[in-house]
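Colleague: Got a structure for you, written out below as structure tokens; questions coming shortly.
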Amino acid sequence: MSRIGKNPINVPSGVTITVSKENLVTVKGPKGELTQAVDADIILTQEDGVFTVSRPTEQKRHKALHGLYRSLINNMVVGVTDGFKIEQELVGVGYRATNQGNTLDLVLGYSHHYVFQLPEEIKVTTTSEKGQTPKIILESIDKQLIGQVAAKIRSLRTPEPYKGKGIKFVGEILRRKAGKSASKK
């Protein structure tokens, strides 16, 4: 039995979940609205503020989809109530990040700037305080979209293992290497 799939989703007050005939789930909340198409075999039920996802058979395919769709719908509920936030920091001499609206301008030690146009669903802010590394803060209600954008930004300059320079997530622990030894005997 799917341990994730059998957990019920508690629907907070102010959030409405509607399911169409084609199994299109729409979640509306105080921060916005999200939709997700669900496989036709998966059974979706809602009663007394609790939303449950169940599967018709024990086939391997149904087992795989059971936990997946429960997680996706739960992420939608969390997104429209609280939202998601990802913080990244730029570690390196001369690395800078600025934004104007949803346009992110990055200076990452290359001969050119990276100008990154973000989707409208994502709100971006940049901070650069003296003595601290510059930070990029992404906020959105869509967990999948914000994760994909954060991964794309990180891929522009992934942290290297010797000095740790690059774009990393706040709180991420990097595996560092020692480098060359001082002398060989």
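Colleague: Within the bounds of the range 22-41, is there any residue that is open to solvent by 90 Å² or more (accessible area, probe 1.4 Å) and on the phi > 0 side of the Ramachandran plot?
Modeller: Checked the range 22-41: no residue is open to solvent by 90 Å² or more (accessible area, probe 1.4 Å) and on the phi > 0 side of the Ramachandran plot.
Colleague: If you check Val115 against the conditions, is it farther than 19 Å from Ile141 by Cβ, of a type in the set (A, V, I, L, M), touching a His at 6+ places or on another chain (Cβ under 8 Å) and assigned to a strand (DSSP E or B)?
Modeller: no
Colleague: Let me ask something else about it. For Gln148, all conditions in the list (1) modelled with pLDDT of 95 or more; (2) open to solvent by less than 40 Å² (accessible area, probe 1.4 Å) hold save one; what is the number of the exception?
Modeller: Looking at each condition in turn, Gln148 falls short on (2).
Colleague: Select from the range 129-185 the residues that are among the aliphatic types (A, V, I, L, M) and part of a helix (DSSP H, G or I) and list them in ascending order.
Modeller: If the condition is that a residue be among the aliphatic types (A, V, I, L, M) and part of a helix (DSSP H, G or I), then Leu145, Ile146, Val149, Ala150, Ala151, Ile153 are the ones that fit.
Colleague: Can you find, within the range 51-102, the residue that is most open to solvent (accessible area, probe 1.4 Å) among those that are among the charged types (D, E, K, R) and in a helix (DSSP H, G or I)?
Modeller: Of everything passing the filter in the range 51-102, Lys60 is most open to solvent (accessible area, probe 1.4 Å).
Colleague: Can you tell me which residue is most open to solvent (accessible area, probe 1.4 Å) among those in the range 8-21 that are of a type in the set (S, T, N, Q) and not in a strand (DSSP E or B)?
Modeller: Ser13
The values are calculated or read from the model by the stated rules, or taken from the named source; none is laboratory data. On a predicted model such as this, the values are computed, not experimentally measured, just so you know. Glycine gets a Cβ as well: all are built from the backbone with ideal geometry, and neighbour counts include every protein chain shown. Keep in mind that these areas ignore ligands, DNA and RNA; they rest on the heavy atoms of the full protein, side chains included. Shrake-Rupley method; radii C 1.70, N 1.55, O 1.52, S 1.80 Å.
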